[in-house]
Every structure is written in structure tokens, then in C-alpha cells.
1. Using 1/(1 + (r/R0)^6) with R0 = 51 angstrom and r between the beta carbons of residue 46 and residue 290, what's the FRET efficiency to the nearest 0.05?
2. Test of understanding: what is the full-extension gain from residue 208 to residue 431, defined as 0.36 nm times their sequence separation minus their Cα-Cα distance?
3. How large is the dipole of the chain about the Cα centre if only Lys and Arg carry +1 and Asp and Glu carry -1, each at its Cβ, rounded to the nearest 20 debye?
4. At 0.36 nm per residue, minus the direct Cα-Cα distance, what do residue 507 and residue 364 gain on full extension? Give it in nm, one decimal, please.
5. Given R₀ = 60 Å, what would the calculated FRET efficiency be for residue 445 paired with residue 83, taking r from the Cβ atoms and rounding to 0.05?
6. Nearest 5 percent is fine: what portion of the DSSP beta bridges confined to segment 481-632 is antiparallel?
7. Can you compute the helix-only [θ] at 222 nm over the chain? Use -39500 (n - 2.57) per DSSP H run of at least 4 residues, normalise by all residues, nearest 500 deg cm²/dmol.
8. By a straight-distance test (C-alpha under 14 Å), which aspartates and glutamates pair with residue 605 as possible cross-link partners, with residues fewer than eight away in the same chain excluded?
Amino acid sequence: MKGKINVKTENIFPIIKKFLYSDHEIFLREIVANAVDATQKLKTLASLGQFKGELGDLTIEVKIDKKKKTLSVIDRGLGMSDEEVDKYINQIAFSGAEEFVEKFKGKSELEQNQLIGHFGLGFYSSFMVSKEVEFKSKSFTDAPGVRWWCDGDTEYTLEPSDKTERGTEIIMHIDDENKQFLEEGKILEILNKYCKFMPIPIRFGDEEYWEDSETEKDDKGEPKRVKKTKPRIINNTEPLWKKKPSDLKEEDYLDFYRELYPMNFDEPLFHIHLNVDYPFNLTGILYFPKIKKNIDPAKDKIQLYCNQVFVTDSVEGVVPEYMMLLRGVLDSPDIPLNVSRSYLQSDSNVKKISSHITKKVADKLDEIYKNNREEYNAKWDDIKVFIQYGMISDEKFYDRAKKIFLFKSIENEFYSIEDYTKKIKTLQTDKDKKQVFLYTNNIDAQYPYIQAAKDKGYDVLLMDGILDNHFVNLMEQKIKDSRFVRIDSDVIDKLIPKDEVIPSKLDEKQIESLKTLIEGQVDKQKFTIVMESLNETDSPLTITQNEFMRRMKEMSEMGGGGMASFYGEMPENYNLVVNTNHPLMSEVLNETDQEKQTQVLSQLKDLALLSQGLLKGEALNSFIQRSIGIIK
């Protein structure tokens, strides 16, 4: 029997072929997912006693025939009668296709991209890569076999088939533009990507393996290694997230992490097993990876599934942005297979799922913090970036995480925000009643500044993470009357100014003369001379960099916009702080030999530059030669 699909839209197949999915390879996921669905429905009928026959081997097969240029997907599921084919293939599925095309017409490119994927077109996705599609089916009832055939026009053929085995076979005659879908490697890649955890076994050809022979021996009398073949089953039908946590061991979670990310050789820090059935359905496992300084959110991403069918690893709409640093799997039937990002971000179920995941992650961190503080401290360097990112970007997460965030001192001691604030309150409160949090991002490079702070009895934090500049901005907003300053942003007496004032041993005229001498030694565009009356024991010359300017510049390099971007364009600028009370300053002023005076100032200036790693190239060589001359 020949028929015509009742469709108003002309040229529907070219539009499906071009626009149904931005990535044509998804057709195979759709076809295999349909086969899985038909098989699972048969199993359900059998469990309810509505199917009395033998289920037999339910493995779904994917086959390539290069000579015939066909790709076939064969299942042993429910099957269809001719009436069911007419209803589900010619009417229901195609009406979905027609609705898609009608909505697609007249839209902008952006609107078209948002529409693609909203329709469960399943079967018709096969026409994206095929010049014709053949459909053979035999129902689990006594209905005879049926064959449906269409060459991409609105006309189809529906006729009896000699198929005797229950189930459905879809034969796609691949067109010349899509020959890659006749390559074994390509199909295996797609199956591994989309069908890796589908709940029904999927076979794609055979695979070779080696084993010891039970009968043959080698020259040494050992069992001979022989090559054998076995069916290549590409999927794990019972992934870990579908099992009860009580039935699993820690090693099971580690093995599954390796299965998900075979090229990641770092073990995760810990995991969260999700299992919710109300008010939405969600299962999954999330892992906290070791987060390196060179974060790559595009690598080893969270994988989103719908009933064990891979949907995407672009989960921006499903989990908060900072959660994308995590790894693992989320599976929910409440998230459709084919959705746009804008749909995900507006769907109420997705929002509930996102909130639940945030809560579970915060609960897990809170649990470890309270029950095993030693383990929490040991893992802090690896989880710090994640917690900071969450606190910066999500106010609700901040409220949960502020109690478990840790400050780490240069002595490798850990404090909660509250405890550390209390610790430094007495000694590190300045004359304006602000608590000053001193920090370093490089203990070795900033050692002289750290030592000066320690000599005063001050405590110094280690803040060497990639988000610390952003995070100290947040802390200054959240901790009342606080300032965060890097240890090398000024001399120590100016970092935490007190009421007492140290008088200068030089008068104003001497100070001005000294300043003029030093200005002749430096690049005025790069260095600002600051004359300060400090302790005699403090360094004669010290190079510092303004906290605000440096912070903005570093935030700009991290991609910060707004003010940070503006300051990021500005050239590097430093302060050269001159201690007018240091004995050498008086000696320089009193030196009558101009050459010696210049030499001493050059040496002091270069020592200051050297301490900050700013002495390079020709200037460094001159310093070395001058130093050798002084020693002689």
C-alpha cells in the first residue's frame, strides 16, 4: 500500500535534514533510544503478565553494511503492527515534525537555534543522514510483520513483511554527504558518547581479546596466549548512580570516576550520591576533583542524562556556574532529551534541581567540616577555589559556606573567618578602628616584608589562589570595618598605621634634597618616590605597589570587567619608599664625593629592585659588576 503523509508544509524533509539538530550525529542516539524504549516497554508488559512469551535475548544490535551503504539498528522489543506504524510513524511522529517546521519558518537565526530540539522527532532524525529509510517491524502480538519505506518525500510505502522475529529493524541508506556514518570508528565513537549507560545491552560487532589456552602450550610449557572474539557490548547497563549507596564501597566510586574520565589520573577528593524522587526525579554522583591552578572548566565536565541516555555536558542551565568545577553524572527524566539552553534556564523543574544540588553540596562540605576537621584541612587547598567561586557568585551559598571557609596562615594553621577575626583584633586594628588582614601570595618572594610583619607580632595569611583577588574584595564587604592588604603593598608601619608618629631626623630641606637625588636614579613614569620617617632598623629603600591598583590589574588579567578592566590597561606603577631615618640616608646627604654618593644610591635602589624581582637585563649586570667592585 502506498500512501501520502498528511502534511501541509512543503519540502519538510530538507528542513529536517538541515536544521533538526545542529549536530547530525545525534540521529543515532535518537534511533537507539527508541529501540531501548521499545525493549523496556516489553519488559514492563512481561512483569505485569500482559506478555506471556519468552523475552529471550533483548540485546540491541547496531550494524554497518558498507557495500549496501546501510546502517541498521535492530531491537527485540514491542514491535508494531501496520495500524501502529500508520498511527505512530505517519501521524503522531510526523505531526511533531510538521509543528517543528511551522514554528521554524520566518524565525531569525537565533530564534531558529532556540527552537531546534524542542520536538521529540526521534525516528525522523534518521533522514538527516539518509536518502531513504526502511522500517521493518513485527509486533509482540499475533499481528503480521510490516514494512514501511520512504525516500524523503511525503509519500511512503506500507506493506506486509516476511519478518517473523519480534521487534523492529530500522535500515538507514546513508547518503553521499554523510559517508562518515558508515565508518566503524565513527559509529563506535557516537555510541560511546551517547549510549554508554543505556539500560539495555547494545552490541556493535565483535571485539578481539587474548586469553590463556586450556589445551595449547608454548615453548616454555606455559599456556599459549590465543586470540578470541566476543560480542562488543558498548554500554554499562547498570551504572553506579542507579545503585543504592548502601551497597557500594569507596573503591566502587573511584572505579566509576575512572570509567567516566579515563584520561584523568588524579583521584577525586570525595563524592556526593544523589537520589531524589520527590518533588522531582534526580539521581547522580558528583565528584570533587583536585582543582589545579590552571582550571579548565571545558575538560571532564558534568554529564547530563535523561533515563541513562546522554543529553549534554553543557550543564550551564542545570547547575550554578561554580558547580561546573565539579565532575560526575546527573540523570533526570524531568529534563527532556532535546532542549535549548534558554529552556533549561527557565524550566521550573530545572531550577528546583539546581537548588537541590547546591544544598546537597553545601551539606556535604558542612558534614566533613564538622565531623572530620583534620580531613577537611588536608583537602582545603583543593576545595578552596570551588568554595570561593560559590561564595562570590551565589549569596545563598555564601550564607552556608561562610561558616566552613578557612583562612590559612603562612604557618600552615587554619582558622574559620570568625576565629581569625577574633585572633587579630587586638594587634592588627589600625588607628581608624579597621582590622587589617595581612596576606602574601608568595612566601619566598615577599619574605623581607613578611619578616617585618612578624617582627611586629602580626599574623600573615597565605592567599595564593587564582580567585583570591576577587575574594578579598568580597571579604572587605562582608567583614565589618576590615581591610585586606598584601604584605608588599606598603611598609609595615603604613600597612597598619597606629596613632604614634615617628619624627623624621631630616628637616624638610634635607628631605627635598634627598628626594631630588633619588629621583635621578629611577624612571619617574614607573616609580613614585615616597618619603617616610620610619624606624632606623627598617630598610633604607623599599619598593611597594598600591594594593588597590595591583588588585584591579590582576583581576583584569583574570577576566574581570568594569573598573578592573580599566585599571588593567594602565602601566605597572610602584612606590619607592625612602626611610628618612635610616643612617645611610644622612650619610648620602653628607657625602661630598658625588661619584660615591651616586654609587651608594644606585646600590640601595638596585637592592630594593632585586628584592621584588624587578632588576633584570643590563641593570642586573651593572649591579653585579658594581657589587664586585665594592667588595674589591
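The values are calculated or read from the model by the stated rules, or taken from the named source; none is laboratory data. What you are looking at is a predicted structure, and each value in this text was computed from that prediction instead of being measured. Every residue, glycine as well, gets a Cβ built from its backbone with ideal geometry; the counts of neighbours run over all protein chains shown. What goes into the accessible areas is simple: the full protein's heavy atoms, side chains included, and nothing from ligands, DNA or RNA. Shrake-Rupley method; radii C 1.70, N 1.55, O 1.52, S 1.80 Å.
1. 0.65
2. 72.6 nm
3. With only Lys, Arg, Asp and Glu charged at Cβ, the dipole is about 700 debye.
4. Gain on extension, residue 507 to residue 364, equals 45.2 nm.
5. 0.15
6. 40
7. Helix-only estimate at 222 nm: -11000 deg cm²/dmol.
8. Residue 605 reaches 519, 523.
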